[in-house]
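Working notes, beginning with the structure itself.
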Amino acid sequence: MESYKVGDIVYVFYRNPHTQDVANIQEAAVVNNPESPGELALFLYETYYPLTNETAVYSSQIEAEQAYQQFF
């Protein structure tokens, strides 16, 4: 996993919770995880998501779009 720091803006695939077969590229902020001090999280749609090795995170929108085309 890349080394991210608080304040970084990254891009992730986000699935619509109401329509699971729809995914979009969304901008997210890297923040301190309020539920786990010392860990980082992604802040997206007013929700914190743990930033783990299992999360597909892209440093640029172009990189995310290329991956999106490959996977979807």
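Can you give me the number of residues within the stretch 22-69 that are under 16 Å from Lys5 (Cβ atoms) and hydrophobic (A, V, I, L, M, F, W, C)?
10
To keep it simple, each residue is scored yes or no on (1) open to solvent by 100 Å² or more (accessible area, probe 1.4 Å); (2) modelled with pLDDT of 95 or more; (3) more than 22 Å from Phe71 (Cβ to Cβ).
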| position | (1), (2), (3) |
| --- | --- |
| Gly7 | no, yes, yes |
| Phe13 | no, no, no |
| Asp21 | yes, no, no |
| Ile25 | no, no, no |
| Ala29 | no, yes, yes |
| Gly38 | no, no, yes |
| Leu44 | no, no, no |
| Tyr49 | no, no, no |
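The values are calculated or read from the model by the stated rules, or taken from the named source; none is laboratory data. Please read these numbers as outputs of a predicted model, since none were measured by experiment. In this analysis, Cβ positions are derived from the backbone assuming ideal geometry, glycine residues included, and neighbour counts consider all displayed protein chains. Accessible surface areas use protein heavy atoms only, side chains included; no ligands, DNA or RNA. Shrake-Rupley method; radii C 1.70, N 1.55, O 1.52, S 1.80 Å.
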